[in-house]
Amino acid sequence: MTITVGLDYNNPLNLRQVPPPVGPWFGSIGKGHVNGQAVFPAGEGGLIACFCCACRNLYRLQHLPLSGNRAETLAAIAAVYAPTSDPNAHNEPAVYAHFLSGKLGVSVSAPIWFFRKDGSILDLDKLRTVFRAQCEFENFAGYQPIPSCLDSGIALYLRRLGQGTYVLAP
């Protein structure tokens, strides 16, 4: 099995550790030495926390972007996740967007929504599919996250949302 930086950090989505108000990511234990990715604890608990954070991150990109521009298409999402301006990576957002498009069966320029304004999930299957596709793209062909960790991370996001832990909208 290939070990990538993301897998070494138990962060198959390669979420960067970010400062408040967005970060640090719930459940993360630090910032890695390569490209500043968040490090999550080893084992399934770390993966669950990673997917919980990924839900919140994707929600914020679509409904509360820091830049003011909502990521309403796969092209816009890929441009945020893999910016060409990143000096530590050789990102190609168009390639990323087309990869996601092929997995989801949606045009890179078509509007796509994963969450409602209140933070609830619009289409669980699409959300699972986009996270699986991102994990594969970020790591290696054929890589898939542990299904129970993916679902448990989504469930944890929803529990935290219901408890008011995540304040999503003003």
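Here are the numbers:
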{"item": "Residue in region 65-124 that is farthest from the chain's Cα centre (by Cα), counting only those that are closer than 25 Å to R159 by Cβ and among the acidic types (D, E)", "result": "D118"}
{"item": "Among the residues listed as G23, G32, G36, the single one being farther than 27 Å from S148 by Cβ and either modelled with pLDDT under 90 or hydrophobic (A, V, I, L, M, F, W, C) (or both)", "result": "G36"}
{"item": "Filter result for the condition that a residue is crowded, with 17+ Cβ neighbours inside 10 Å, within 21 Å of A49 (Cβ to Cβ) and either touching a Lys or Arg at 6+ places or on another chain (Cβ under 6 Å) or free of Cβ contacts under 8 Å to residues at least 24 places away in the same chain (or both), over A133, A155, A76, A82", "result": "A133"}
{"item": "Pick from region 1-20, criterion open to solvent by 50 Å² or more (accessible area, probe 1.4 Å) and not hydrophobic (A, V, I, L, M, F, W, C), ranking: modelled with the highest pLDDT", "result": "D8"}
{"item": "Residue that is nearest to I146 (Cα to Cα) [pool: residues in region 39-71 that are part of a loop (DSSP other than H, G, I, E, B), open to solvent by 30 Å² or more (accessible area, probe 1.4 Å) and at pLDDT 85 or above]", "result": "G43"}
{"item": "Of the criteria (1) in contact (Cβ under 8 Å) with a residue 40 or more places away in the chain; (2) more than 21 Å from A38 (Cβ to Cβ), which one S109 fails", "result": "(1)"}
{"item": "Residue identified as buried (at least 19 other Cβ atoms within 10 Å of the Cβ) and in contact (Cβ under 8 Å) with a residue 60 or more places away in the chain among P93, P145", "result": "P145"}
{"item": "Per-region count, region 53-78, residues closer than 15 Å to L13 by Cα and of a type in the set (G, A, S)", "result": "2"}
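The values are calculated or read from the model by the stated rules, or taken from the named source; none is laboratory data. It should be emphasised that the depicted structure is a prediction, and the values quoted were computed from it without experimental measurement. FYI the Cβ positions are ideal-geometry reconstructions off the backbone, even for glycines, and counts take in every protein chain you see. Surface areas here come from the heavy atoms of the whole protein model, side chains and all, with no ligands, DNA or RNA. Shrake-Rupley method; radii C 1.70, N 1.55, O 1.52, S 1.80 Å.
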